[in-house]
1. Compute a Gaussian network model of the chain, connecting alpha carbons closer than 10 Å, and tell me which residue from 39, 66, 116 fluctuates the most.
2. What residue among 27, 120, 204 has the largest mean-square fluctuation in a Gaussian network model of the chain, using Cα springs under 10 Å?
3. Where does each of 152, 248 land when they are ranked from fewest to most other beta-carbon atoms within 10 angstrom?
4. At R0 = 51 Å, how high is the FRET efficiency between residue 155 and residue 290 if r is their beta carbon distance? Nearest 0.05 is fine.
5. Alpha carbon centre of region 46-63 versus region 122-193: separation in Å?
6. Compute the acute angle (0 to 90°) between the alpha-carbon long axis of helix 128-143 and the principal axis of greatest extent of the alpha-carbon atoms of the chain; round to the nearest 10°.
7. Take every Cα pair under 8 Å in region 2-85 that's 6+ residues apart, average their separations, divide by the length, and report that relative contact order as a whole percent.
């Protein structure tokens, strides 16, 4: 099947992460299902732009956001590029397509006060799960890693001797992040608790469940969401908001944007610049100190 060949290509030749592969697979299966339900025996490689446009309209009518629709169409665009590369088709039916307009999404980071009040609280139980969850939240804020990056960190990736952690990012791109003293202390304590409760486990992963198995993305999401409900009124309380907080707070404190780019594992500076655009706290401070009538 062409979809499977495309996914194999992304995995073996492009080194896409499992998370990205799952998203591509989900989008293409949804599109293929739409073709079958509305166009009979039409093959996916034979579909023209009219079919794609009908799919887009059906998603709009289902109240799917323009942002999500554009992402799905982007998956389809990559698929058709692959079909051209393999000489299955001559040209892409999406070559004249323009993405739907979408409003700029501004992520509101957790404040330093919210994060400190949580990490300094007694909300976390003293058992294995409690220490695990506190370490997860601290790790997110001190390193700015993505959720999938956190759950795939291995014991061997963390060096307490050099105070660094090796992160495997998107497209298997490695980066090294320094471990600050407070995080190092939290890691050492977690390792002690882990050894006490789990003993010698066969898992290579650093963060594991009480059964010694790799954590699920759902567990990590729920951990961040449930604990930040206790200290923050913000609507969105996901792991990515902690990544956003990490970057925003660094830039607010004067960190060089290129250094933040490297820490986040971004391939381009434009992806990092969004954090400087939303650092309103820093902007207000500069404005107050610089404007002639503010003094």
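1. 39
2. Sorting by GNM fluctuation, first place goes to 120.
3. By the 10 Å Cβ count, ascending, the order reads 152, 248.
4. 0.55
5. Each part's Cα centre sits 43 Å from the other's.
6. Between helix and principal axis, roughly 80 degrees.
7. 33 percent
A short reminder: the numbers here are calculations on the coordinates, not readings from a lab. As the structure is a prediction and not an experimental result, all values here were calculated from the model. For neighbour counting, all protein chains shown are included, and Cβ atoms are generated from backbone atoms with ideal geometry for every residue, glycine included.
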